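Here is the structure we will look at.
Values in this text are rule-based calculations from the coordinates and carry no lab data. As the structure is a computational prediction, the values presented were derived from the model and not from experiment. A quick note on method: Cβ atoms are made from the backbone with ideal geometry, for glycine too, and the neighbour counts reach across all protein chains shown.
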Amino acid sequence: MSDLLNETEVRRVSATATLDEQHRSRLGQFFTPEPVARIMGRMLEDVPGDVVRILDPGAGVGSLSAAAVVALCQDASDRRPMELVAYEVDDALRPLLEETLAAAAAYVESVDRRLSWRIASADYILDVASRLASLFGAGPCEEFGAVIMNPPYRKINLASPEKVALERMGLRTTNLYTGFLALAAVQLVSDGLLVAITPRSFANGLYFEPFRHFFFDRVGIERLHTFESRGALFADADVLQENIIFSARRGRTPPEVELVVSRGRDDTGDSRLVSAHEILRPDDRHRFLRIPTAADDTRIAAVMAEMPCELTDLGLAVSTGRVVDFRARAFLRDELGEFTAPLVYPGHLKDAAVRWPGDAGFRKPNALLVDAATEKLLLPNETYVLVKRFSAKEERKRVSAAVSSSVDIPGPVVAFENHLNVFHRGNRGMDLPLAQGLAAYLNSSVVDQYVRQFNGHTQINATDLRHLRYPTADELILLGVGVLDQRPITQGDLDRLVESVLPEMEATEVAAA
C-alpha cells in the first residue's frame, strides 16, 4: 500500500518540477499531493455495484486513482472486482499515469482482487458532454459507482468548445472545475459517490448559481473537509486558493453532514455533525453552500435568517462602483482640479469612514475628469455606504463598510471605483443615521462571521450583500444614532451597541476576538 502511494507521489513531484509552468497553467493543472489523496481515498465508502466502477477525470499521474484503489481494498470482506477509467488529455502525463495504474493493478492482485483499467486520451468535457447532449446523439455515456477528482481550475472562455458543449446539455458555467463536477454527477449511478477537491468559489455568487442548481438537484453532500490555511493543500505549487474536499451521493440527501476542519493537509482535523439544512437551506433560492466551521455558526445562521428585511424592503440597492480604472485611464487625475470629481478607492476607507484624498502614501488617482464620456460614471455627492469587494479569509474582517458623505468629500458629484460595493437609494444617497446604522450592522462581528460561512471567494460581491437579511429601517437608524454619539468607536463597542439594539445578535467570544 505505502509503496504504491509513495511511488505515485514521486511521479507527481517529478511532473510538477519538470513540466513547463505555462503549460500547466494553460491546462489548469494542480496535481494532488499524497496526504490530500489519502484523505480523499478514505471518503470512498459504500460504493454501489456488483463491480466497483471508478472514474478519475483529469487523472494527472494517477495520485487519486492510486488512493482510491488502496482505500477500496482495505475492507477484506469486499471481494468485488474493480474497473477504473482515467481521463488525461496531456500527452506528457500519460506514460506516468500508465505506470501508476499498472502498479495499482499489481497491488490489487496482491490482495486477491482484480482491477482492470483504461486511459481515455480525450478532453473529458468534450467527450462526455457530447454523449449527454441530445443534439449529438453519440451514444450512451458510461456510469460509475464512484468518481474521485481534482478537476482543472481554469476559466472557460465565451467561445471555447467546452462552453458550447456544456451549454448544449443545459449547463451554464464559467470554470472548468464546475463543468467536471456537473458531468461527473450525471455519470454517477443511483447512490454513487463523488469525492472531489475543488476551489470553494462555487459555494456562492451569481456566476455559479446555474451550476449549483444543476449539481445539487442531483447529489447531496455527505462530508465537507475544510482547511484553515488557503495555502495548505498545494504548497509546492505556490497556490493560494481556498479549497475544500467533499463527498456527495447521487440521489440522496442525508439528514446530517460530517464537517471536518483541519489546520493543514497532514492534520486529521476536528469533526462534527451538522444538519444538512445548515449546509443548504431549503428556503434559499440561490442554493448557497454554507460551511459553519465554528460551533456557534448554527446560532448565527438562525439569527441572520430571522432578520426581518431584505434590501428592497428598506428601499435600498447595492451595486459595484462604476469606475473600472484601467478602462477609464485617460480620465484619471492625481488631484482634484477644474472639471473633475472626487474618485474614491477602497484605500480611502478607514475607521468606517472615507478619508479622501488619502494620506501621503496613497498612490491611486484621487479624481476623475468630468465630461460627456464619464457622466454615466458619476453619482450625486450624497450619503452612501461602501463595502470593500476584495478581502481574504485570513484578514481580521471580511466585511469592511464605511459611510461616504459630502461632509468628507467636496463637490456636487462623486465617483466610486469598481472594487467597492455601493449601497444607494435609486442611485441617490440616504439619510445619515440610516447610513451609519447600515455600516454598523455590516461591520458587526456577527455579520462578519456569518459571511464567512458561505463566502469562499476573495471577494464580497454585491450578490452576497443582496443575499443578506437586515434589521428594520427604524432599528438601523437607532444603531446609526448610537454610532454618531460614540464616535470614534472600537469593534468591541460597536458589537455591544449592535447587541443593545438587536439583542439576538450577541457576539460570540470567537467573533469578538
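I need the calculated FRET efficiency for the pair E228 and A373, taking r as the beta carbon distance and R₀ as 35 Å, to the nearest 0.05. In this case the efficiency is close to 0.15. Loop sites by DSSP among the GluC sites (Glu not before Pro) of the chain, restricted to those with at most 10 other Cβ atoms within 10 angstrom, leave 1-305 as the longest stretch without any of them.
In debye to the nearest 20, how big a dipole does the chain give about its Cα centre with +1 on each Lys and Arg Cβ and -1 on each Asp and Glu Cβ? Please report the intermediate quantities before stating the final value.
Values: 57 positive and 72 negative charges, 217 e Å.
Approximately 1040 debye in magnitude.
Taking Cα centre as origin and charging only the Cβ of basic (Lys, Arg, +1) and acidic (Asp, Glu, -1) residues, the dipole magnitude of region 354-513 rounds to 580 debye.
The mean of 1/r over all distinct Cα pairs in region 360-513, once inverted, gives the Kirkwood hydrodynamic radius of 16.6 Å. Excluding same-chain neighbours fewer than eight residues apart, the lysines reachable from K364 by a Cα-Cα span under 17 Å are K350, K388. On the beta carbon distance between F326 and R118, with R0 = 35 Å, the FRET formula returns roughly 0.15. Think of the chain as a dipole: +1 on every Lys or Arg Cβ, -1 on every Asp or Glu Cβ, centred on the Cα centre; then among L368, A92, G269, L368 lies furthest on the positive end. Helix 63-72 and the longest principal axis of the Cα set of the chain meet at an angle near 60°.
Please work out the FRET efficiency for the pair D217 and T298, using the Cβ-Cβ distance as r and a Förster radius of 22 Å; give the result to the nearest 0.05. Numbers along the way, then the final one.
On the way: r = 25 Å, r/R0 = 1.15.
The calculated FRET efficiency here is 0.30.
Among all stretches of the chain without exposed chymotrypsin sites (Phe, Trp or Tyr not before Pro) (DSSP loop, at most 11 other Cβ atoms within 10 Å), which one is longest? If you can, show how the numbers build up before the last one.
Numbers: sites that count: F326, F339.
The answer is 1-325.
The share of Cα pairs per 5 Å bin across region 334-447, counted from zero up to the longest distance, runs 2, 12, 22, 25, 19, 11, 6, 2, 0 percent.
Could you please rank H286, H23, H467, placing first whichever residue has the fewest other Cβ atoms within 10 Å of its Cβ? Could you put the intermediate results ahead of the total?
Working: H286 17, H23 11, H467 20.
Going from least to most buried by this count: H23, H286, H467.
Relative to the dominant Cα principal axis of the chain, helix 445-454 is inclined by about 30°.
Within a Cβ distance under 15 Å of R53, other residues only, what is the Lys/Arg minus Asp/Glu net charge?
Working: positive: R80, R113, R114, R118, R250; negative: D46, D50, D56, D78, E83, E142, E143, D191.
My count for the surroundings of R53 gives -3.
DSSP beta bridges confined to the chain are antiparallel in about 65 percent of cases.
As a length-normalised measure over Cα pairs under 8 Å and 6 or more apart, the relative contact order of the chain settles at 11 percent. Straight-line cross-link partners of K397 among the aspartates and glutamates, defined as a Cα under 13 Å from its Cα and at least 8 positions apart when in the same chain: D351, D448. Compactness ratio for the chain: Cα radius of gyration over 2.2 N^0.38 Å (N = residue count) comes to 1.09. A crude spin-label estimate for the pair E167 and C309, with each label 7 Å from Cα along the Cβ direction, gives 4.0 nm. Dipole magnitude for region 3-106: about 120 debye, using +1 per Lys or Arg Cβ and -1 per Asp or Glu Cβ, origin at the Cα centre. For region 59-74, the residues whose amide N sits under 19 Å from a probe point set 7 Å from the Cα of S2 along the beta carbon direction are 66-74.
Per residue and in Å³, how big is the convex hull formed by the alpha-carbon atoms of region 2-220? Could you put the intermediate results ahead of the total?
Details: hull volume 25.6 nm³, N = 219.
Expressed per residue, the convex hull around the Cα atoms of region 2-220 is 117 Å³.
In the chain, taking the dipole from charged Cβ atoms about the Cα centre, the farthest positive-side position among N157, A439, T8 is held by N157.
Taking Cα atoms only, the orientation of helix 473-486 departs from the longest principal axis of the chain by about 70 degrees. When the Cα gyration tensor is reduced to axis lengths a ≥ b ≥ c, the ratio a/c is 1.5 or higher for region 165-213, and with a/b not above b/c it is classed as oblate.
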